[in-house]
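Before any comments, here is the structure.
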Amino acid sequence: MWVTLHTILLLAMPLATVGGLLLLPRRQLTAGNLTMPLLVSLMAMSLAFTFSTHLCGAGMPWRQVLLGGACLVPWATLVKSRGLRRGGTVALFIATLGLSQHFSEVVHRPGWSGNSDWPRYGAIARDFARSVHAMADHIPAPEATQAYPPGWLRDLPIAAKLCELAEGAGLSELPERYRLRRCEFGRAWHTWLTGLYPYELVPQDLWYPGGPLGEGLRRVELRNRSD
């Protein structure tokens, strides 16, 4: 619901700006009329980026900020009525800040991202898989040659022993199931405008390919697991 409202408000900014410029009396464009709107637009975009900056890779509200700044300049420059000009400028200023901040909030909630190339949960899963590969160098010789059938690594009888070896070697233990998952991104009808991508979390787990433990751990891979 809130993402839909976000989309409606974002779409309303350029439509209202273009409609107002076509229907309302306009004043002559001069360098003096243009200077202040440019400064206000730059201020709005700078504040929007400042308040919505975060340190993860979930995406930035580029469309919200740039569209707001692009609408603010012609409105504050060309609308003749002082009251409408100032009122519209304030509304666009607030909308630019509000939408950019809301974008940053949405991409930190489950189900939405502003960057479909960001691995997010998948990177965590791959780190665990690399840790399991490193366990192969710490398996005692007798156990390294013990063969096991293919299957999920956590279901093997050696799983508890692997956790002990990982702890002693300073490696990550076998993670809980809920931590192994990847994002499967899609596109919503408004993605082209908002830059917001819906995603689903696909459960995964570590698959043991079979064979001697010392060799098999080096070939453990992530697979989707629905059970």
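The Kirkwood hydrodynamic radius of segment 121-224, based on inverse pair distances between different Cα atoms, is 14.9 Å.
Loop-located trypsin sites (Lys or Arg not before Pro) across segment 1-87 with a Cβ neighbour count of 12 or fewer within 10 Å are LYS80, with loop assigned by DSSP. Computed over the chain, the per-residue total of -39500 (n - 2.57) for DSSP H runs of n ≥ 4 gives a 222 nm mean residue ellipticity of -17500 deg cm²/dmol, rounded to 500. With the simple spin-label model, which puts each label point 7 Å out from Cα in the Cβ direction, the ILE8 to LEU39 separation comes to 3.7 nm.
Per-residue Cβ neighbour counts within 10 Å put HIS108, HIS138 in the sequence HIS108, HIS138, beginning with the fewest. Distance between the 7 Å Cα→Cβ label points at TRP192 and MET1: 2.8 nm.
Would you calculate the volume per residue, in Å³, of the smallest convex hull containing every Cα atom of segment 2-109? Write out the running numbers ahead of the final one.
On the way: hull volume 9.1 nm³, N = 108.
About 84 Å³ per residue, rounded to a whole number.
Take every Cα pair under 8 Å whose residues are at least 6 apart in sequence, average their separation, divide by the length of segment 121-224, and the relative contact order is 40 percent. Report the relative contact order of the chain, percent, no decimals, based on alpha-carbon pairs under 8 angstrom and at least 6 residues apart. In percent, rounded to a whole number, it is 21. Angle, helix 121-135 long axis vs. longest principal axis of the chain, Cα atoms, 0 to 90°, nearest 10? Its long axis makes an angle of about 20 degrees.
At a temperature of 4 °C and a viscosity of 1.567 mPa s, determine how fast the chain diffuses translationally according to Stokes-Einstein, using the Kirkwood radius over alpha-carbon pairs as Rh; express D in µm²/s, rounded to the nearest whole number.
Working: Rh = 21.3 Å.
For the chosen part, D equals 61 µm²/s.
Separation of segment 106-136 from segment 5-34 is 42 Å, based on Cα centroids.
Quick note: the coordinates plus some simple rules give every number you see, no bench work behind them. The model shown is predicted, which means the values in this text are computed figures rather than measured ones. Cβ coordinates were reconstructed from backbone atoms using ideal geometry, including for glycine residues, and neighbour counts include every protein chain displayed.
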